[in-house]
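Peer 1: My questions will all concern the structure given below.
What follows draws every value from the coordinates through simple rules; no lab data is involved. Not measured: the values here are computed from a predicted model. Methodologically, a virtual Cβ is constructed for each residue, glycine included, from the backbone with ideal geometry; neighbour enumeration extends over all protein chains shown.
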Amino acid sequence: MAFCEKLTVEDALDVFQQLPLKHYNTAWVLSQVGKAHFELVDYIEAERAFSNARLASPYSLEGMDVYSTVLYHLKEHTRLSNLAQELISTDRLALQSWCAMGNCYSIQKDHETALKNFQCIKKQIFLRVWRIMMVLWLF
């Protein structure tokens, strides 16, 4: 297969499966595997991969926004709440923390507060894009 060809999610999972275990069991790879299973709507396998990623690197935020969404779809109220608290303890201003909090409020049927959290994500992304544009404009 040529490098330029587009990989499918299944192809990506196959590539990850071929990695040596010491590489496969890193938080980054496990998060990518979790994201791939999420894209395939295989929430059980996604949850397993993300859970292992958390064990490999408890303070990593990589993919935790998707993990919180997986827990939301699986209706794992307690685990979602615990994840949100852990992410806030790690970095309360990170987009992943806001997303987990939004999912947590949403699963509790507090949609107004959930929406406020998701709007904070939108504002942060806008501010980051604006800063990049300003830097590019200055140079």
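Peer 1: Please report how far the C-alpha centroid of segment 89-121 lies from that of segment 28-57, rounded to the nearest whole angstrom.
Peer 2: One Cα centre to the other: 20 Å.
Peer 1: Relative contact order, percent, of segment 1-122 when contacts are C-alpha pairs under 8 Å separated by at least 6 residues?
Peer 2: Working: 143 pairs, mean separation 21.0, N = 122.
Once normalised by length, the contact order is 17 percent.
Peer 1: Run the numbers for Q18 and A56: contour at 0.36 nm per residue of separation, minus the present Cα-Cα distance, in nm.
Peer 2: Working: separation 38, 0.36 × 38 = 13.68 nm, distance 1.89 nm.
Contour length minus the Cα-Cα distance gives 11.8 nm.
Peer 1: Express the Stokes-Einstein translational diffusion coefficient of the chain in µm² s⁻¹, to the nearest whole number, given a Kirkwood radius over alpha-carbon pairs, 25 °C and a viscosity of 0.890 mPa s.
Peer 2: Working: Rh = 16.2 Å.
Translational diffusion coefficient: 151 µm²/s.
Peer 1: With a Förster radius of 22 Å, plug the Cβ-Cβ distance of I88 and K123 into 1/(1 + (r/R0)^6) and report the FRET value to the nearest 0.05. Don't skip to the end; give the middle numbers.
Peer 2: Details: r = 18 Å, r/R0 = 0.80.
So the FRET efficiency works out to roughly 0.80.
Peer 1: In the chain, once you exclude exposed trypsin sites (Lys or Arg not before Pro) (DSSP loop, at most 11 other Cβ within 10 angstrom), what's the longest stretch remaining?
Peer 2: Here the longest run is 7-74.
Peer 1: Still on this structure, please answer the following. Per DSSP H run of n ≥ 4, the term is -39500 (n - 2.57); total these for the chain, divide by its residue number, and report the mean residue ellipticity at 222 nm rounded to 500 deg cm²/dmol.
Peer 2: Values: 8 runs with 105 residues, N = 139.
Result for the chain: -24000 deg cm²/dmol, rounded to the nearest 500.
Peer 1: Membrane-span-like helices in the chain: DSSP H runs reaching 15 Å or more (Cα, own axis), mean Kyte hydropathy at least 0.0? Walk me through the numbers on the way to the answer.
Peer 2: On the way: long enough: 27-39 (18 Å, 0.18); 43-56 (19 Å, -0.24); 77-90 (20 Å, -0.25); 95-107 (18 Å, 0.45); 111-138 (40 Å, 0.37).
In the chain, the long hydrophobic H runs are 27-39, 95-107, 111-138.
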